[in-house]
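Engineer: Provided herewith is a single structure, encoded as structure tokens, for subsequent inquiry.
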Amino acid sequence: MRRALDRGIAGLMAVLLAFAASSCGPKLVQPAGLVSPYAGERLFAVAPPLNESGTTTIDSLRVAELFTEELEQVQGIRTLPTSRVLAAMRALDIERVASAGDAVALMSALGVDGLIVGSIAAFDPYPPLNMGMSVELMVRDAPTGAWVDPRDVTMSVGTGSASRDASTGGGSARAGQAVAQASGFYDASNHDTLTALAVYAHGRSEPESAFGSDIYLVSRDSFTRFVSFELVSDLLTSERDRLAAAAAAAAARETARAAADTSDRGEGVVK
């Protein structure tokens, strides 16, 4: 009986010690997230970016995978795996998305609402890491329009921040046309980049690991995730601005139409 009691007390103490240890552990925080600008859920795909960095140490397919993973975490957006995108490109005999026709054909084959293409302009795999990249979003819900090569997107070199450009005037959009663009050069020795990186890493690192949030300063994949998040954020901001402009233009047209109808009715009464 005494032994059973001792075992019971020992078990209770073990539970209490485990609870105390867990309550004294690192406090977990919710990372900053992104929200889709669309009213309903959208399905996107990411094409492997063109490597123009001059180095062979960058894997474009891996960049596409990491970019897709960050995009998948946006509330209201779903993505297709990179393997599906590659299979569709091979079936269509598309080596890279180089025209509006390529973009529309690929989006139709995949059944997606939007396609993101990009270009890697700079990459240094050794600390301090740096990466320059430009991306653009195309949609397939209107007639074919103008093509904008991602290599022509202006990049803010050395600033560690992405430049935003809502590329369609008045909020209009045509399938195969870049409706939103973003580019940036992110340098881990630049304080602007380090500030943005600290915000991103908050809630996205293992607090008790050897590196902690510094993992983003030494890991290529982790740094690429950060760059992808920043570019996705800027793309969504540009797209949100475009949609707002389109809604405002539609409201203005409706107001003008209503005013014209009222004027016509008034003239009819006078006559």
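Engineer: If Lys and Arg each add +1 and Asp and Glu each add -1, what is the summed charge of the other residues whose beta carbon sits under 12 Å from the beta carbon of Leu66? If you can, show how the numbers build up before the last one.
Structural biologist: Working: positive: Arg62, Arg220, Arg225; negative: Asp59, Glu65, Glu69, Glu70, Glu72, Asp221.
That works out to -3.
Engineer: Beta carbons within 10 angstrom, averaged per residue: use that to sort the peptides 221-232, 97-108, highest first. Write out the running numbers ahead of the final one.
Structural biologist: Details: 221-232: 23.5, 97-108: 19.5.
The densest-packed peptide leads the list: 221-232, 97-108.
Engineer: Full extension from Glu95 to Ala256: what is 0.36 nm times the residue separation minus their Cα-Cα distance, to one decimal in nm?
Structural biologist: 53.2 nm
Engineer: Stretched out fully, how many nm does the piece from Gln75 to His191 gain, at 0.36 nm a residue minus the Cα gap?
Structural biologist: Values: separation 116, 0.36 × 116 = 41.76 nm, distance 2.90 nm.
Gain on extension, Gln75 to His191, equals 38.9 nm.
Engineer: Within region 94-133, what residues put their amide N at less than 19 Å from the label point 7 Å along the Cα-to-Cβ vector of Asp141?
Structural biologist: Hits in region 94-133 for Asp141 at 19 Å: 103-117.
No lab work stands behind these numbers, since they all come straight from the coordinates. Keep in mind it's a predicted model, so treat the numbers as computed, not measured. FYI the Cβ positions are ideal-geometry reconstructions off the backbone, even for glycines, and counts take in every protein chain you see.
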